[in-house]
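Report on the structure given below.
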Ligand SMILES: [Zn+2]
């Protein structure tokens with residue numbers, strides 16, 4: 001654990017210590033230089049370390065970092081090097097899809113904290129909600145083994161953060177892990193910052209929100225950094241719920257909560273409670289047996305035991321004011 005934490009802090013430090021005065025790689029036509037760059041970038045895959053010589057801030061994402069990698073090797077590397085969804089595996093190819101950033105991590109922290117506070121009363125009960133962090137979620141191994149020697153697409157993806165009720169039962173097939181039996185999380189959070197927004201939108205709509213997977217997704221889009229230490233100003237949240245679809249597809253609710261809106265107009269005096277996402281408990285606890293949420297009453301004269309589930313507010317409110325505060329104040 002401590003090794004992972006060390007690596008993590010190395011990565012975070014590396015991510016925020018980029019300098020903008022280095023030569024743009026587009027200007028470097030020297031073959032040796034680009035091979036050197038490739039070598040340094042490959043070190044992230046091989047050793048888990050991010051070197052400043054790798055100039056990740058100049059890389060075009062997704063960036064192919066390794067090929068012909070078996071799925072279990074990929075999982076081992078992401079585990080060992082504590083890769084929070086920064087890489088993705090697809091048919092043996094590993095790509096860097098986003099870069100570590102303090103804005104990104106603080107943004108997740110602010111959402112995590114609000115859900116934790118709201119669900120405090122059910123901790124370690126059968127209504128508990130597990131925070132899965134950036135756990136690897138993959139298509140079933142049955143699929144994987146059957147398709148092993150074909151060109152059929154296989155993927156393993158991580159969410160930036162996800163939550164699953166502890167009482168959501170296992171499934172027979174199509175589950176979220178390699179055995180295909182583990183239930184999918186009900187809520188996923190994705191942050192698009194260094195990552196291409198369209199790419200993340202496709203991941204949300206064509207992966208997480210496919211039938212019998214995730215119920216709700218919060219997608220936060222933060223404007224791409226000019227330099228890694230530039231505090232972002234445009235921030236947009238999209239709340240997807242599978243109940244909210246129409247003929248044209250998903251119909252996410254959208255909310256702007258940065259210091260400037262998408263038209264460039266300043267958002268002044270944003271107050272707590274003004275820009276919120278409401279997560280219904282029916283969504284968050286989708287697929288949980290009813291007796292967990294409404295325990296049957298004992299026969300009188302016994303008094304019913306307290307139902308911890310009843311202590312959770314419905315809906316759970318994610319106030320984007322706090323997310324904005326976390327992003328704006330993480331660099332001092
Ligand atoms: Zn929902």
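Here, each number is a calculation from the coordinates, and none is a lab measurement. Remember, it's a predicted structure, so these values are computed and weren't measured experimentally. Please note: Cβ atoms are built from the backbone with ideal geometry, for glycine as well, and neighbour counts cover all protein chains shown.
Under 1.5 on a/c is rounded, so check that first for the stretch 99-332, then, if it is not, pick prolate when a/b is larger than b/c and oblate when it is not; a ≥ b ≥ c are the square roots of the alpha carbon gyration tensor eigenvalues. It is oblate, given that a/c is not under 1.5 and a/b is not larger than b/c.
Computed packing ranks the peptides 116-122, 126-132 as 126-132, 116-122, most packed first, by mean other Cβ atoms within 10 Å. For the stretch 179-222, a/c is not less than 1.5, where a ≥ b ≥ c are the root eigenvalues of the C-alpha gyration tensor, and a/b tops b/c. That puts it in the prolate class.
Between residue 197 and residue 57, what's the calculated FRET efficiency when r is the beta-carbon distance and R0 is 25 Å? Round to 0.05. The computed FRET efficiency comes out at 0.90.
Neighbour counts of other Cβ atoms within 10 Å put 240, 71, 40 in the fewest-to-most order 40, 71, 240. Ranked by how many other Cβ atoms sit within 10 Å of their own Cβ, fewest first, the residues 189, 276 fall in the order 276, 189. Semi-axes of the equivalent ellipsoid of the stretch 198-332 are 36, 21, 12 Å, computed as sqrt(5λ) over the eigenvalues of the C-alpha gyration tensor in descending order.
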